[in-house]
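Down below is the structure, laid out as structure tokens.
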Amino acid sequence: MYLDAYFEAVDQVLSAIRTTQRPAIERAAEAVAASLANRGGWFVMDTGHMLRHEAFVRAGGLLALAPFSYELKVESPLEHRTEAVPPEREAELEQRLVMLALDRSTLRAGDVLLINSNSGRTPNVIETALQCKERGIVTIGLSSLAQMRGCAAAHPSGKKLFDAVDIAIDTCGVYGDAAVETQGNEKICALSGIASAYVLWAIQAEAVERLQARGIQPTIYRSVHVGGHAFIEEQRKRFKEQGF
């Protein structure tokens, strides 16, 4: 049954994360705790998977967690100028765009940026990781090692995400992401969303414990459905004053 196959696939991925990625998760949590203890920031760059919604303003989540993304919109249609941009020109433009995005952002040296990319190969995430490292921003890469190994590098450096970050965490997913075989059709049920959310919350759990071991009580969201409005406002006030 497809349902049982899905349950088994998810169990296998989460078990693999627990048994193989704990040291990397602990290193990531220590980086986050160290940054927040020094009034630094923890940012997440998500390339369109679950973390874009799961990471922020959630019950039990840290107020310190913030998104990082960038976008450039240009409208200049002219039909006789539709020639393709050469790859080297695309790489140069991406490099400049990432530089401008980081310059305009609130990321600073000592902050932590978690980059979530299932394929770990797209030029924007690689370029962001490389430039963050130059700026002293600690980078955590969250990706499927199996997927990265099965895809060619797209960044001109030839690097993939795990080559460019300080801490690499494998989401232990399968090549192609979808995990359940079907009869006469494509595989179904992607695993990357659940796996990346699982790792994110694992990092938070360990980071909060390490902050408390430092004598720091970080600000945490409470569900508004259990009388959380006043509590959240108080937490926001505390966070603005203390930065963690």
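Extension gain for Glu8 to Glu75 (0.36 nm times residue separation, less C-alpha to C-alpha distance): 19.4 nm. Placing +1 on the Cβ of every Lys and Arg and -1 on the Cβ of every Asp and Glu, with nothing else charged, gives the stretch 147-208 a dipole about its Cα centre of roughly 160 debye. Ranking Gln21, Val199, Tyr221 by how far each Cα lies toward the positive end of the dipole of the chain (charges on Cβ) leaves Tyr221 at the top. Say a paramagnetic label sat at a point 7 Å from the Cα of Ala230, along Cα to Cβ; which residues of the stretch 38-65 have their backbone N under 12 Å from it? The answer is none. How would you classify the stretch 136-220 from its alpha-carbon gyration tensor, with a ≥ b ≥ c the square roots of the eigenvalues: rounded for a/c under 1.5, else prolate if a/b is greater than b/c, otherwise oblate? Note, shape of the stretch 136-220 comes out oblate. Note on the chain: the C-alpha convex hull projects to 17.0 nm² when averaged across all orientations. Taking the charge dipole of the chain about its Cα centre, with +1 at Lys and Arg Cβ atoms and -1 at Asp and Glu Cβ atoms, the residue from Leu102, Pro86, Val208 reaching farthest to the positive side is Val208.
Counting every other Cβ atom within 10 Å of each residue's Cβ, Leu65, Leu102 order from fewest to most as Leu102, Leu65. Beyond 31 Å in Cα-Cα separation lie the following of the pairs Lys133/Lys187; Lys73/Lys133; Lys159/Lys237: Lys133/Lys187; Lys159/Lys237. When peptides 195-201, 129-135 are sorted by average Cβ neighbour count within 10 Å, with the highest value leading, the order is 195-201, 129-135. Take the alpha carbon gyration tensor of the stretch 1-53, find the square roots of its eigenvalues, order them as a ≥ b ≥ c, and report rounded if a/c is under 1.5; if not, report prolate when a/b exceeds b/c, else oblate. Oblate, because a/c is 1.5 or more while a/b does not exceed b/c. Helices meeting the span-like rule in the chain (full DSSP H runs, Cα extent of at least 24 Å along the helix axis, mean Kyte-Doolittle score of -0.5 or higher): 2-20, 192-213. Dividing the alpha-carbon radius of gyration of the stretch 74-140 by the rule-of-thumb value 2.2 N^0.38 Å gives 1.35.
Here, each number is a calculation from the coordinates, and none is a lab measurement. What you are looking at is a predicted structure, and each value in this text was computed from that prediction instead of being measured. No Cβ is skipped: glycine too gets one built from the backbone with ideal geometry, and neighbour counts run over all protein chains shown.
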